[in-house]
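K.L.:
What follows is a structure written as structure tokens; I'll ask about it next.
Please treat every number below as a calculation from the coordinates, not as lab data. Being a predicted model, the structure only gives us computed values, none of them experimental. We place every Cβ from the backbone using ideal geometry, glycine too, and count neighbours over all the protein chains shown.
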């Protein structure tokens, strides 16, 4: 991680009223055929693929441009309106451009601004609470560059930062061309005390050389970060040392390219301009069974968490359908099946016939991925085996397991 970085103070007017010329908060500084995956049941609640003619403005029904500078992080850019620093390229991309220029004589906290760039958000237009939040982007390169894709709580104007919470899906600082960071910030763990982790490409590859997909999978009391589908960290309230988890509420999206600041440092003679953050797509998907649905199988009985106990390792069993939370399963956009805030998990990452299933914290592991086939099988792809009622026994409390797919009635399931 980078050296210790100072706490950030957020001026609420920048995001609640978005007044032209307001001082802005920055992202806090921190470190097969015939089958469908569980994610096929996902509903896209927000999507922008940035289609349109070259030079056109971003879709104003989805995004708004913030304007002003940012003294809090000691950033050097002035965020502008219009299309000079944020425009479509005619090839399905949004291009956010940082320029070493100031033709409008913008004034920044340090005097006449030396750079211009752009920052967009969905405040008042779109907010998400849980789901798969993703952006496919190619980031800029060079000392002093600071691109970010992040989120802030919609209650920012009421409770202030960091009580609003902040989820940094991706941040990069130019002196780390192979590394990005994912972080959460909240009361008592903000700024340099934010909780997160880095992810680095192998063999010295630079993120600026190609498009990459940056995402979080966000559920009650759980956030997991991934790059190109590889999960590299997961955070829950247990990581906060007793501090308050402020992420079970709506958040809005932000895209920006900052220049300079406490964390990245300022551009130097090695930094070439203009630099561009090229955004191919942004999407948020959530389950279309977000309130939970029963999974029915043998003898019309349901997949059930024993004793409605949410502790890790609780057996998952067959039981009379009763409509309780222990039988309400959400089809996650990441291929998981979730109940009581946790995931259906093959015990000990097993792949052998007879490996039991249980409830466990969602980790993003292959033992928590499931595919629902048109034939009503629920398959764990890692093991290439089906969710199975042990011994074809329809008695209440019969443990569920994985087993070689046979087409038997004890392996047939209906979701919903």
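K.L.:
If neighbour count is taken as other Cβ atoms inside 10 Å, put 305, 227, 246, 259 in order from fewest to most.
P.N.:
Ordered by Cβ neighbours within 10 Å, fewest first: 227, 246, 305, 259.
K.L.:
To make sure I understand, if each residue's beta carbon is the centre and we count other beta carbons within 10 Å, what order do 134, 176, 171, 101 fall in, fewest to most?
P.N.:
101, 176, 134, 171
K.L.:
Only one of the listed values, (1) 81, 30, 21; (2) 44, 20, 19; (3) 137, 20, 15, was derived from the coordinates as semi-axes √(5λ) of the Cα gyration tensor in Å; which label is it?
P.N.:
Here the calculated entry is (2).
K.L.:
Here is a further query. What order, most packed first, do the peptides 206-212, 326-332 have when packing is the mean number of other Cβ atoms within 10 Å of each residue?
P.N.:
Going from most to least packed, we get 326-332, 206-212.
K.L.:
Would you calculate, for the chain, the mean residue ellipticity at 222 nm contributed by helices, counting each DSSP H stretch of 4 or more residues as -39,500 (n - 2.57) and dividing by all residues, to the nearest 500?
P.N.:
Helix-only estimate at 222 nm: -500 deg cm²/dmol.
K.L.:
Taking other Cβ within 10 Å of each residue's Cβ, how do 226, 164 sort, fewest first?
P.N.:
226, 164
K.L.:
Quick one: check the C-alpha center-to-center distance for region 146-219 versus region 249-265, whole angstrom.
P.N.:
A separation of 8 Å, based on Cα centres.
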